[in-house]
Amino acid sequence: MNLPNKLTVLRMILIVPFVVAMLMGRGEGASKWVALAIFIIASLTDMLDGQIARRQNLITDFGKFMDPLADKLLVCSALICLVDLKRLPTWICIIIIAREFVISGFRLVASDNGIVIAASMWGKVKTVSQMAMVILMIANIPQLGVLTTVIMYVACALTVISLVDYIAKNKQVISAQK
């Protein structure tokens, strides 16, 4: 259990207090700021664990599997809370979560065929835009309402673009199933 893997586990553990803080105060008052702080810390562990793992050659099978799972759990938990709080349209949540399921399934099929699908630039930009969207929606600052809405649509568009990009660049995964 190296440091990057510990950060991944920490990110998964932080989901529980994050959801409690988000829903306890219905996303308002002090609990909103606690939830925001937890989400930002958890998001930073995502960036940090990957950098440490690559820099110190600490990449493990556990990390390869659990890191993306922890990311998906964190983002999906946040999206579902935001839908519950009526800050995020359900259809955008469905698009984002569906994309994660499709890509996870796609990677699983690729792995079974000995194909490794690396993260793309579109996937990384998508992740950053989703994190920005979630942060703005948790903060729920009325003066940033237009910016929040724009980022929401950008994140949704990048979610679809990254899905199409993954499939287009890795269509051999589908053709390998014939």
Where labels lie 7 Å past Cα in the beta-carbon direction, separation of residue 83 and residue 139 in nm: 2.5 nm
query: Tell me, what is the 1.4 Å probe accessible area of residue 23, in Å² to the nearest 10?
result: 60 Å²
query: What nm distance separates the two modelled labels at residue 150 and residue 62, each placed 7 Å from Cα along Cα→Cβ?
result: 4.4 nm
Residue 66 accessible area, 1.4 Å probe, all protein chains in place, Å² to nearest 10: 30 Å²
- line: Of the accessible area of segment 41-99, computed with a 1.4 Å probe and all protein chains kept, carbon and sulfur make up a percent value of 67 percent
- prompt: Rg(Cα) of the chain divided by 2.2 N^0.38 Å?
  reply: 1.07
- request: Could you tell me which of rounded, prolate or oblate describes segment 33-101, using a ≥ b ≥ c as the square roots of the eigenvalues of the alpha-carbon gyration tensor, with rounded for a/c under 1.5 and, failing that, prolate when a/b is larger than b/c and oblate otherwise?
  value: oblate
field: Ranking by accessible area, most exposed first, for 8, 60 with a 1.4 Å probe
entry: 60, 8
- prompt: Fully extended, how many nm does the chain gain between residue 157 and residue 125 (0.36 nm per residue separation, minus their Cα-Cα distance)?
  reply: 10.4 nm
task: Determine the alpha carbon to alpha carbon distance for each of 86/171; 32/169; 6/171; 72/171; 32/126 and list only those over 32 Å.
output: 86/171; 32/169; 6/171
Hz values of 3J(HN,Hα) by residue in segment 138-143 - Karplus curve (6.51, -1.76, 1.60), Gly and Pro given as x: 5, 4, 6, 8, x, 5
message: With a 1.4 Å probe and all protein chains left in place, how much accessible area per residue does the chain have, in Å²?
response: 54 Å²
task: Work out how much length residue 116 to residue 164 would gain on full extension: take 0.36 nm times their residue separation and subtract the Cα-Cα distance, in nm to one decimal.
output: 15.6 nm
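The values are calculated or read from the model by the stated rules, or taken from the named source; none is laboratory data. Keep in mind that this is a model prediction, so the values were computed, not measured. Neighbour counts are summed over all protein chains in view; Cβ atoms, including those assigned to glycine, are modelled from backbone coordinates with ideal geometry. Just so you know, the surface numbers come from the protein's heavy atoms only, side chains and all, with ligands and any DNA or RNA stripped out. Shrake-Rupley method; radii C 1.70, N 1.55, O 1.52, S 1.80 Å.
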